[in-house]
Amino acid sequence: MKAMILAAGRGERLRPLTDETPKPLIKVAGRSLIEYHIDNLAKAGIRDIIINTAWLADRIHQQLGDGSEYGVAIQYSDEGKALETAGGIINALPLLGDDPFLVVNGDIWCDFDFTSIPELSPQVQAHLVLVENPDHNHKGDFSLKHGMIKNTGEYMYTFSGIGIYAIDFFTGQDSGISPLAPLIRSKCAENLVSGQLHEGRWTDVGTIERLQELDKQLAR
């Protein structure tokens, strides 16, 4: 299986740190966020990695190179101007191939075991990993019922930014700037998205405060 790490965003809420450093290269406990992902993917046997870039793309190229230092093979999908989540994935489809592939947000930290994701069922087009709602997202994003992701439900969870997608998930979608969430919701309405709950540690490193808190936790 191939994996894609989303790393093209500007990281506005982490300015001024992201004025000169791409968000995925920001360090937590001495290592960049994206390096944690690469190591975890490699440990799970996933060594073909595509990284999309836009903001300060050259810095990411210089830091990670071809991936050989990490025991993986990295290819880059350079966007010039960030295409948002769905747009970035669609732009990278020629590199991702025809089989289901894993996608990970580059601006999260988690201890998720990638080997725990099941193979994609023929009856669905995506499989998402959900987490308990953090303080900054009390209402959650999706519910989970009998292993299927629903747009509404008695108890809502937060989308972790980790998922497996089949090529069919993006069939008929136009290239260009487009977010992923509306597409996920439309597929959920068609009962085409399965899921699981990750009960371990997870942080959306979206603000200076959350970055500092995570750094303290990992330092301990």
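The values are calculated or read from the model by the stated rules, or taken from the named source; none is laboratory data. Note that the coordinates shown come from a computational prediction; the quantities given were computed from them, not determined experimentally. For neighbour counting, all protein chains shown are included, and Cβ atoms are generated from backbone atoms with ideal geometry for every residue, glycine included. Surface accessibility is based on the protein's heavy atoms, side chains included, excluding ligands, DNA and RNA. Shrake-Rupley method; radii C 1.70, N 1.55, O 1.52, S 1.80 Å.
Values computed for the structure shown
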{"read-out": "Scope the stretch 101-124; condition open to solvent by 60 Å² or more (accessible area, probe 1.4 Å) and acidic (Asp, Glu); matching residues", "value": "ASP111, ASP113, GLU119"}
{"read-out": "Unmet requirement for MET1, which otherwise passes all of (1) at pLDDT 95 or above; (2) open to solvent by 70 Å² or more (accessible area, probe 1.4 Å); (3) not charged (D, E, K, R)", "value": "(1)"}
{"read-out": "Residue that is farthest from ASP215 (Cα to Cα) [pool: residues in the stretch 12-62 that are of a type outside the set (A, V, I, L, M), in a loop (DSSP other than H, G, I, E, B) and in contact with a strand residue (DSSP E or B) (Cβ under 8 Å, 6 or more places away or on another chain)]", "value": "ARG47"}
{"read-out": "Selected residue (only one of HIS138, HIS127 is free of Cβ contacts under 8 Å to residues at least 24 places away in the same chain and not small (Gly, Ala, Ser))", "value": "HIS138"}
{"read-out": "Residue check, GLY206 modelled with pLDDT under 90, surrounded by 12 or more Cβ atoms within 10 Å (Cβ to Cβ), of a type outside the set (A, V, I, L, M) and touching a His at 6+ places or on another chain (Cβ under 9 Å)", "value": "yes"}
